[in-house]
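**Q** Before I ask anything, here is the structure I am working with.
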Protein chains: 2
Amino acid sequence: MSENVGRWLRDEIENAILSNEFAPGERLDEMVLASRFGVSRTPVREALMQLNAIGLIEIRPRRGAVVIDPGPHRIYEMFEVMAELEGLAGSLAARRLDQASRQAITMAHKRCEQSAEAGDSDAYYYDNEEFHKAIYAASRSEFLEEQCTQLHRRLRPYRRLQLRVRNRLTTSFSEHCGIVDAIFAGDGEEARRLLRSHVGIQGERFSDLVASMATR
Amino acid sequence: MSENVGRWLRDEIENAILSNEFAPGERLDEMVLASRFGVSRTPVREALMQLNAIGLIEIRPRRGAVVIDPGPHRIYEMFEVMAELEGLAGSLAARRLDQASRQAITMAHKRCEQSAEAGDSDAYYYDNEEFHKAIYAASRSEFLEEQCTQLHRRLRPYRRLQLRVRNRLTTSFSEHCGIVDAIFAGDGEEARRLLRSHVGIQGERFSDLVASMATR
DNA sequence: GTCAACGATTGTGTATACAAGAATTGAATT
DNA sequence: AATTCAATTCTTGTATACACAATCGTTGAC
């Protein structure tokens, strides 16, 4: 339980939304949430305002809060921006790499390798996140790191779906290899290019994602 | 006065921060704000939470809110990300341009030309904003447009400072010409490249900005 | 039988009251 | 004189209460 109830609630409700416990379009009643978490309406409202600012819910004046349903098209747009930001992070990382970042990336990369070989999709999902975060950090741009982390969180559930697609685990890992090579070689433009296509959901990847979303 | 007091206050306080009425580092006392705007603490708190989410202020638990002081380095990082996003917007605009967007860009571009020729820095500041927004819209990616608009707002005061630099008006406008040409020619990669260097603050532009900030 | 209007109910928006933690000030001791 | 500790005060965090807007159901008329 974070320092104040509002932030704790924000995380709690955010997780509930991202894990699809609160479905898109669902209305979030302040009183229901308050009694569910055993608090008053005030911190609930604060949490909702923050989620609204993040873009997870929409608050229509005097009409309450509803979970936003991004829809395939908007999800595509979000991945498009994510790809661009990660590309930038990669190119900066390649230019600015230091010993600590190099180690962090190497470690995360090795963990991904193990999970991929074991075919453990859940483990890879987690390790993959650490890998990408290591690249954000290696960019040595705090603002970029924040933006990437925030967007990554919003896209988390869809990234998870992506990994369920057949052979995606090994494909993903082999792409990681190229990215690591480019960054370690100091080739910023190559790192950017590889990360963009790794993160983006061009062509069949997009239809794969839509298909996974439907069969959920 | 927007539909609810909270949002109105958010805009009000945001403007006060961006126009430097509330200086970076300054502490925002909830009671003071409440009495200043003639409301209770509740909507003030809601406004502060939103500003916190936007990244304009920092709320430390039980210790109140302070206006964030970005500092030159962080501002540089923000422009770096902004350049990347605008570059993406430009490349998408070049590929997806339709008649309406083309007209909007042309009009904004002409306005910029007039203001630049008149040497009217304030008018150019406004027209320039419209020009960039027209490109965001032309990207036909709502999410990207939102992200660009939001970041543009946060950088607004510094963009304004930039324009004060000698000859920056004409330089800026001639860069616009190239950007418009590339977009209208459907050359996405050229548009991206030009926008990146137009928005970014590499080299002497950065020191110019820092210098302007100091003499404010 | 359907549509519209009015009332009841539910839920949000704002204010106020109360509790708890942090900062500051003052005194006492070294 | 300086430093530390304690107490008071000030501000934030949470709860509760009240007011008003929106929605839904019911009733009546066409």
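**Q** When you go through B:Tyr126, B:Tyr76 one by one, which is the residue that is within 19 Å of the chain's Cα centre (by Cα), among the aromatic types (Phe, Trp, Tyr) and under 26 Å from B:Leu9 (Cβ atoms)?
**A** B:Tyr126
**Q** So which residues in segment B:37-64 are free of Cβ contacts under 8 Å to residues at least 24 places away in the same chain and either more than 10 Å from DNA strand C (Cβ to nearest atom) or in contact with an Asp or Glu (Cβ under 8 Å, 6 or more places away or on another chain) (or both)?
**A** Matches in segment B:37-64: B:Arg41, B:Arg45, B:Met49, B:Asn52, B:Ala53, B:Glu58, B:Ile59, B:Pro61, B:Arg62.
**Q** Next question. Looking at A:Leu92, A:Leu33, A:Leu28, A:Leu9, which is the one that is free of Cβ contacts under 8 Å to residues at least 40 places away in the same chain, within 14 Å of chain B (Cβ to nearest Cβ) and open to solvent by less than 20 Å² (accessible area, probe 1.4 Å)?
**A** A:Leu9
**Q** List the number of the failed condition for B:Gly119; all other conditions in (1) open to solvent by less than 10 Å² (accessible area, probe 1.4 Å); (2) in contact (Cβ under 8 Å) with a residue 40 or more places away in the chain; (3) not charged (D, E, K, R) hold.
**A** Of (1) open to solvent by less than 10 Å² (accessible area, probe 1.4 Å); (2) in contact (Cβ under 8 Å) with a residue 40 or more places away in the chain; (3) not charged (D, E, K, R), only one is false for B:Gly119: (1).
**Q** Take B:Ala53 and decide whether it is more than 22 Å from B:Asp208 (Cα to Cα) and open to solvent by 40 Å² or more (accessible area, probe 1.4 Å).
**A** Here the answer is yes, as B:Ala53 does meet what is asked.
**Q** Could I ask something else about it? Scanning segment A:56-71 for residues that are closer than 22 Å to B:Ser139 by Cβ and surrounded by 14 or more Cβ atoms within 10 Å (Cβ to Cβ), which turns out farthest from DNA strand D (Cβ to nearest atom)?
**A** Taking the candidates together, the pick is A:Pro70.
**Q** Next question. Residue check, B:Lys133 against (1) in contact with a strand residue (DSSP E or B) (Cβ under 6 Å, 6 or more places away or on another chain); (2) within 25 Å of A:Pro72 (Cα to Cα), all met but one. Which one?
**A** (1)
**Q** Inside segment A:138-201, counting only helices (runs of 4 or more DSSP H) that do not spill past its ends, which hold 1 or more residues that are within 14 Å of chain B (Cβ to nearest Cβ) and under 21 Å from A:Met78 (Cβ atoms)?
**A** A:142-164, A:188-199
**Q** Kindly evaluate A:Gln114 against the criterion of being modelled with pLDDT of 95 or more, open to solvent by 30 Å² or more (accessible area, probe 1.4 Å) and over 20 Å from the mean Cα position of the chain (by Cα).
**A** yes
**Q** I would also like to ask the following. Name, by its number, the condition in (1) at pLDDT below 95; (2) farther than 20 Å from B:Ser19 by Cα that does not hold for B:Leu161.
**A** Of everything listed in (1) at pLDDT below 95; (2) farther than 20 Å from B:Ser19 by Cα, B:Leu161 misses just condition (2).
**Q** Further question: Can you pull out every residue in segment B:3-36 that is touching an Asp or Glu at 6+ places or on another chain (Cβ under 7 Å) and within 12 Å of DNA strand C (Cβ to nearest atom)?
**A** Hit for segment B:3-36 is B:Gly6, nothing else.
**Q** Keeping to segment A:36-47, report how many residues are open to solvent by less than 80 Å² (accessible area, probe 1.4 Å) and among the polar types (S, T, N, Q).
**A** So the answer is 1.
The values are calculated or read from the model by the stated rules, or taken from the named source; none is laboratory data. The model shown is predicted, which means the values in this text are computed figures rather than measured ones. Methodologically, a virtual Cβ is constructed for each residue, glycine included, from the backbone with ideal geometry; neighbour enumeration extends over all protein chains shown. Ligands, DNA and RNA are stripped out before the accessible areas are found, and what is left, the full protein with its side chains, is counted by its heavy atoms. Shrake-Rupley method; radii C 1.70, N 1.55, O 1.52, S 1.80 Å.
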